[in-house]
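The values are calculated or read from the model by the stated rules, or taken from the named source; none is laboratory data. Here the structure is a predicted model, which means the values were calculated and not measured. Backbone-built Cβ (ideal geometry, glycine too); neighbour counts: all protein chains shown.
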Amino acid sequence: MIGKNAVLNEFKNTLQLWVNNHTHVLLMDQNTLEVETIYRDSFNESVYCFVERTAKEKFIVSDDGRSLFKLDPSASDVDLIATIGDISLASEFDFNLQNGAISAKADRQNLIDTIMRLAQLQVNISYLN
């Protein structure tokens, strides 16, 4: 039993180290972080999330409109825009029709989960191409 626990703990430690080494965070300004996640989209590009502090321990996590821009730079495909909006809302994210940004509010307790869910959503949306 101890051997199995040791192997499991070693695996968990290795996994955590890998995630840490493959996640990059850039301070863009006093209130905004750019997070390069572990995910890759259908274009084999890194998936980014932007975290903006709006108040003490309150955040907005966003793709900054990148998901739509990658698929439709001119934002002219109304069916695609509607589909991305529907998928975003069904995934409990907001969708801004003006700039194509997918976002959600977060607090300190659910910030990391929100970032990971948004990153996975961006991957899924990228396969609409």
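Numerical summary
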| item | result |
| --- | --- |
| Counted residues, the stretch 84-105 - those being within 15 Å of Glu52 (Cβ to Cβ), among the hydrophobic types (A, V, I, L, M, F, W, C) and part of a strand (DSSP E or B) | 2 |
| Within the stretch 9-46, considering residues that are part of a helix (DSSP H, G or I) and of a type in the set (A, V, I, L, M), the one nearest to Leu71 (Cα to Cα) | Val19 |
| Scan of the stretch 77-98 for residues that are at pLDDT 95 or above and surrounded by fewer than 12 Cβ atoms within 10 Å (Cβ to Cβ), ordered by number | Val78, Asp79, Asp86, Ala90, Glu92 |
| Qualifying residues in the stretch 106-122 (those that are among the hydrophobic types (A, V, I, L, M, F, W, C) and assigned to a helix (DSSP H, G or I)) - the one surrounded by the most Cβ atoms within 10 Å (Cβ to Cβ) | Leu118 |
| Qualifying residue in the stretch 73-83 (condition: in contact (Cβ under 8 Å) with a residue 24 or more places away in the chain and either part of a strand (DSSP E or B) or under 14 Å from Ser126 (Cβ atoms) (or both)) | yes |
| Whichever residue in the stretch 43-64 is more than 11 Å from the chain's Cα centre (by Cα) and at positive phi and, among such residues, is surrounded by the most Cβ atoms within 10 Å (Cβ to Cβ) | Glu57 |
